[in-house]
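Participant: Sharing a structure below in structure tokens format, with a few things to ask.
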Amino acid sequence: MSDVLAVEGIETCYGLSQVLFGLSLTIAPGEMVTLMGRNGMGKTTTVRSIMGLTPSRAGSVRFLGNEIRGLPSYKIAQRGIGLVPEGRQIFPNLTVRENLLATAVARAGGWTLERVHDLFPRLAERASSMGNQLSGGEQQMLAIGRALMTNPRLLILDEATEGLAPLIRAEIWQCLAQLKQSGLAILVIDKNVEALTKVADRHFLIERGRVVWSGLSADLAAAPEIQHRYLGV
């Protein structure tokens with residue numbers, strides 16, 4: 001079966017400053033893949049390039065076999081890519097329920113409000129609370145739930161657990177493992193190597209806009225020198 005996402009040789013700039021230099025990665029159906037690297041190495045720019053928010057000037061981005069590079073971001077989202085952005089970016093003046101329903105896309109057998117509540121019971125408890133009344137962990141659950149309500153074929157999480165308490169981080173990893181078991185393809189940007197090698201299938205390490213290492217979880221877990229060189233752990 002062909003890849004859900006195939007990024008090949010993308011180059012992305014902000015003005016005259018080039019950030020990505022021929023970056024490539026792939027995600028197979030039902031696979032969880034990570035993109036990791038130190039701050040400022042191009043991880044978020046990669047996400048923005050995939051989503052059309054900062055279009056790449058060269059290369060290819062194919063989703064479900066179709067080229068999406070050059071499409072506006074809303075059309076890319078409509079194709080079936082759900083984004084949980086860095087900083088969560090939930091609607092602060094809408095309730096939890098309204099946040100979940102704002103961009104929902106109905107699909108037979110897909111994600112519904114009830115199914116999101118089953119995944120994150122706390123969102124059911126806070127259904128009438130405003131977005132700006134939630135804790136950081138609750139906001140992240142809401143951002144994930146909102147993305148799932150679009151019924152994506154691929155879920156992208158930028159800085160999935162940044163700034164969250166350890167117990168909340170563990171809850172997020174457990175939920176992502178459940179989503180992976182359901183067959184959803186997932187791309188995770190995060191720094192928690194220990195957790196990610198337990199739940200993800202493959203990893204891409206990025207430095208200065210280039211993929212410098214890729215491999216399976218077992219390979220990364222067994223290579224502390226690679227972790228130290230490119231992740232500083």
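Participant: What number comes out for the charge environment of residue 120, summing +1 per Lys or Arg and -1 per Asp or Glu over other residues with Cβ under 12 Å away? Show your work: numbers first, answer last.
Facilitator: Numbers: positive: 115, 122, 126, 146; negative: 114, 118, 125, 138, 171.
That works out to -1.
Participant: Count the net charge of all other residues whose Cβ sits under 15 Å from the Cβ of residue 45, scoring Lys and Arg as +1 and Asp and Glu as -1. Numbers along the way, then the final one.
Facilitator: On the way: positive: 38, 43, 48, 57, 69, 208, 210; negative: 11, 86, 158, 159, 207.
Neighbour charge sum, excluding residue 45 itself: +2.
Participant: What residue among 149, 18, 200 has its Cα farthest toward the positive end of the dipole of the chain, where the charges are +1 on Lys, Arg and -1 on Asp, Glu, each on the Cβ?
Facilitator: So the residue we want is 18.
Participant: Between residue 21 and residue 201, what is the label-point separation in nm under the 7 Å Cα-to-beta-carbon projection?
Facilitator: The two pseudo-label positions are separated by 3.0 nm.
Participant: Mind putting together the pair-distance distribution for the chain? All Cα pairs, 10 Å bins, whole percent per bin, short to long.
Facilitator: Pairs per bin, as whole percents: 8, 33, 37, 19, 3.
Participant: Using the Cα gyration tensor of the stretch 106-233, with a ≥ b ≥ c the square roots of its eigenvalues, what is the shape: rounded (a/c below 1.5), prolate (a/b larger than b/c) or oblate (neither)? Don't skip to the end; give the middle numbers.
Facilitator: Working: a/c = 2.39, a/b = 1.74, b/c = 1.37.
Prolate is the answer for the stretch 106-233, as a/c is 1.5 or above and a/b outweighs b/c.
Participant: Which lysines have a Cα less than 27 Å from the Cα of residue 198, not counting those fewer than 8 places away in the same chain?
Facilitator: Once the sequence-local lysines are set aside, what remains near residue 198 is 43, 180.
Participant: Farthest toward the dipole's positive end in the stretch 5-231, which of 164, 186, 227, given Cβ charges of +1 (Lys, Arg) and -1 (Asp, Glu) about the Cα centre?
Facilitator: Checked the options; the winner is 186.
Participant: State the three equivalent ellipsoid semi-axes of the stretch 157-211, derived from the C-alpha gyration tensor as the square roots of 5 times its eigenvalues, in descending order and whole Å.
Facilitator: Details: eigenvalues 72, 46, 17 Å².
Semi-axis lengths for the stretch 157-211 are 19, 15, 9 Å.
Participant: In percent, what relative contact order does the stretch 1-122 have, based on Cα pairs under 8 Å that are 6 or more apart in sequence? Mind dumping the intermediate values first?
Facilitator: Numbers: 144 pairs, mean separation 27.6, N = 122.
For the stretch 1-122, the relative contact order is 23 percent.
Participant: Relative contact order for the stretch 174-233 using alpha-carbon pairs under 8 Å, separation at least 6, rounded to a whole percent? Can you show the working numbers first?
Facilitator: Numbers: 41 pairs, mean separation 14.7, N = 60.
Relative contact order here is 25 percent.
Participant: Quickly work out the residue 132-to-residue 11 label distance, labels modelled 7 Å from Cα along the C-beta direction, and quote it in nm with one decimal.
Facilitator: Output for this residue pair reads 4.4 nm.
Participant: Here's another thing I want to ask about it. Under a Cβ-only charge scheme (Lys and Arg +1, Asp and Glu -1), can you give me the dipole magnitude of the chain about the Cα centre, in debye to the nearest 20?
Facilitator: On the way: 24 positive and 21 negative charges, 85 e Å.
Once rounded to the nearest 20, the dipole reads 400 debye.
Participant: Now for a different question. Can you tell me the relative contact order of the chain? Whole percent, Cα pairs under 8 Å, sequence separation 6 or more.
Facilitator: Values: 453 pairs, mean separation 64.2, N = 233.
After rounding, I find 28 percent.
Participant: 222 nm [θ] for the chain, helices only, -39500 (n - 2.57) per DSSP H run of 4+, per residue, to 500? Don't skip to the end; give the middle numbers.
Facilitator: Numbers: 10 runs with 85 residues, N = 233.
That calculation yields -10000 deg cm²/dmol at 222 nm.
Participant: Compute the length gained on full extension between residue 60 and residue 38: take 0.36 nm times their separation in residues and subtract their Cα-Cα distance, giving the result in nm to one decimal. Walk me through the intermediate numbers first.
Facilitator: On the way: separation 22, 0.36 × 22 = 7.92 nm, distance 2.46 nm.
Working it through step by step, the gained length comes to 5.5 nm.
Rule-based calculations on the coordinates, nothing more; no lab input. Bear in mind the structure is a predicted one, so any value in this text is a computation, not a measurement. When we count neighbours, we look across all protein chains shown, and the Cβ atoms used for this are built from the backbone with ideal geometry, even at glycine.
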